[in-house]
Amino acid sequence: MKIKSPSSAIALAIFISGLGSLAPGCASKQSQPSVQIDPPPANAVANLLNDEINPISVKSAFSPEENILAIDADMRYFVEENVPAALSPRARLSYLLDAMIRPSQLGLSYDPGITLNATETFYARKGNCLSLSSLFIALAREANLNAYYNEVTIPPSWDMISDNSMVFYKHINVVVDFGEDGQEIVDLSVDNYEYHYPQHRLSEQEAAAQHYNNRGAEYLNQGNNDEAMRYFRRALYLDPQAGHIWGNLGTLFRRLGRVSNAETAYRQALTLNINDQVAISNLSRLYQEQGDTENAKELDKIALNFRKQNPFWHYSRAKAEYEKGEFTAALSAIRHAISLQKDEYRFYHFASIIYYRLGRTELAEDFSEKSARYKKNSTL
C-alpha cells in the first residue's frame with residue numbers, strides 16, 4: 001500500500017495475453033505504420049456490437065449489468081465500526097486504510113489475476129488493482145470521503161509468456177480529494193506505482209468498461225467464448241473509444257474463426273490508436289493466415305521495429321533469459337535497455353543482479369549504486 005500527495009502532472013494489473021492487448025505500449029519512440037490501414041466501415045463496426053438476434057441497444061447493453069461500487073450491510077457495518085465519523089477527513093482515511101490492510105481485520109491482498117466488483121472483493125479479501133480500487137472507493141464514500149479512480153501511465157513493461165505472446169499492463173489506483181486541504185493517492189497494490197508517473201482521473205463509466213473488459217479476458221482465457229463476447233460487448237458499449245478492447249474482441253472473433261469480423265475489430269483498434277502494437281501483430285497474423293503476405297510482412301516490420309526501440313521490451317527479454325540461466329544473454333539485453341533509456345533505475349538494479357550472478361562484484365556494486373541514485377531522483 002502506498003499513500004502520498006500526487007505530483008502536479010500526473011491502478012491490480014489489468015491483463016490479457018498478447019493475442020489481444022489491454023493497453024497499448026508507451027515506448028520512448030513509437031513507429032508509424034508504413035502501410036495504409038483504412039478505417040473499417042461504420043456499419044461493419046456497429047454489427048460487431050450486435051448479437052445474432054438482439055441489438056446491443058435493446059438487450060446486450062444491459063446484460064451483464066452490475067454496479068461495481070455497490071455495497072451491502074456488512075460493508076456499511078465495517079465502515080461504521082472502524083472509521084469514527086467524528087474524525088477529520090484525513091484521519092478517517094488513515095483509519096479506513098488501517099482496517100482494510102490489517103490482517104486481523106479485512107487483511108486485503110493483491111492478486112493481479114482476479115477482477116471483482118467492490119462487494120466480491122470485500123468477501124474474497126483479494127483482487128487486482130481495479131478490484132482493490134473499487135472496494136476502496138466504495139468504502140471511502142461510505143466514510144464520507146471524496147474518492148475517485150486514477151489511471152496511471154506506467155512504463156510499458158510486460159511479462160513474456162512465450163516468444164509470440166506477452167502480457168501488457170495498465171494500472172489504476174485512487175485519489176482522495178480533500179478540497180482545499182489537498183489530495184492523497186492511495187495504491188493498494190505492490191510495486192506497480194511510482195509517484196512521478198503521468199496519471200489522470202478515470203470516469204466511473206471508463207472504470208466499469210475496464211472491469212467488463214477484464215472479466216471478458218478471463219472468460220476468453222477459460223475458453224468460455226459466449227461469456228467473453230457478452231462482457232467485451234458490454235465494455236465497448238460503455239467505452240467505444242477504447243481501442244484495446246476492440247483488439248480483445250478481435251482476438252475472440254479470430255478464435256471463433258470469424259476472420260472478417262476479427263479484421264474489422266483490429267482495424268477499428270488501430271483507427272483509435274495507430275500505435276497499438278498488439279493489434280498490429282494480430283492483424284499481421286490474420287493477413288498471413290489469409291495469404292496476404294505483403295501486408296503481413298509490412299506489419300511485422302513495424303512490430304519488430306517497435307520492439308527494438310522499446311527499452312522495456314529488452315528489459316523483459318533480459319528477465320526471460322535470466323530465468324533460463326542464460327546470464328550472458330540477459331546482460332546483453334539489459335545493457336541494450338540501458339542504452340535506450342539511461343535513467344530507469346530498474347534497469348540498473350537488474351544489471352546489478354546479473355553482474356553478481358556472473359561474479360563481477362565491482363560492476364554489480366557500481367550498478368546498484370546507480371540504481372539507487374536514479375530511483376531517488378525519480379521521486380524528487
**Fill in**
For Ala242, other-chain or 5+-apart residues with amide H closer than 5 Å (H placed, Pro excluded) are none
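At 0.36 nm per residue, minus the direct Cα-Cα distance, what do Asn47 and Asp366 gain on full extension? Give it in nm, one decimal, please.
On the way: separation 319, 0.36 × 319 = 114.84 nm, distance 5.81 nm.
Stretched fully, the Asn47-Asp366 segment lengthens by 109.0 nm.
Past the 23 Å Cα-Cα mark, which pairs from Lys297/Lys324; Lys301/Lys375; Lys308/Lys342; Lys170/Lys301?
In this structure, Lys297/Lys324; Lys301/Lys375; Lys170/Lys301 lie more than 23 Å apart at Cα.
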**Prompt:** Which FRET efficiency value, to the nearest 0.05, is calculated for Thr328 and Leu304 with the Förster distance at 35 angstrom and r the Cβ-Cβ distance?
**Reply:** 0.95
**Asked** When the accessible area of segment 72-140 is computed with all protein chains present and a 1.4 Å probe, what percentage of it is carbon and sulfur?
**Response** 54
**Fill in**
With no solvent term and unit scatterers on the alpha-carbon positions of segment 240-380, Debye gives log₁₀ I(q)/I(0) at q = 0.16, 0.17, 0.19 Å⁻¹ of -0.85, -0.88, -0.96
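For a quick check of your reading of the filter: which GluC sites (Glu not before Pro) in segment 245-348 sit in a DSSP loop and have no more than 14 other Cβ atoms within 10 Å? Walk me through the numbers before you get to the answer.
Values: sites: Glu263, Glu289, Glu294, Glu298, Glu321, Glu323, Glu326, Glu344; in loops: Glu326, Glu344.
For GluC sites (Glu not before Pro) across segment 245-348 that sit outside H, G, I, E and B with at most 14 neighbouring Cβ atoms in 10 Å, the list reads Glu326.
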**Fill in**
Spelling it out for Phe178: with amide H atoms placed in the peptide plane at 1.01 Å from N, the residues 5 or more places away or on another chain with amide H under 5 Å from its amide H are Gln183, Glu184
**Gyration tensor verdict on segment 306-363 (Cα atoms; rounded if a/c is under 1.5, prolate if a/b is larger than b/c, oblate otherwise)** = oblate
**Prompt:** In whole Hz, what ³J(HN,Hα) sequence does segment 194-205 give by Karplus (6.51, -1.76, 1.60; θ = phi - 60°), x for Gly and Pro?
**Reply:** 10, 5, 8, 5, x, 8, 8, 5, 10, 5, 5, 5
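How many percent of the accessible area of segment 225-380 is carbon or sulfur, using a 1.4 Å probe?
C and S atoms contribute 45 percent here.
The values are calculated or read from the model by the stated rules, or taken from the named source; none is laboratory data. On a predicted model such as this, the values are computed, not experimentally measured, just so you know. Note that each Cβ is placed from the backbone with ideal geometry, even for glycine, and that neighbours are counted across all protein chains shown. Accessible surface areas use protein heavy atoms only, side chains included; no ligands, DNA or RNA. Shrake-Rupley method; radii C 1.70, N 1.55, O 1.52, S 1.80 Å.
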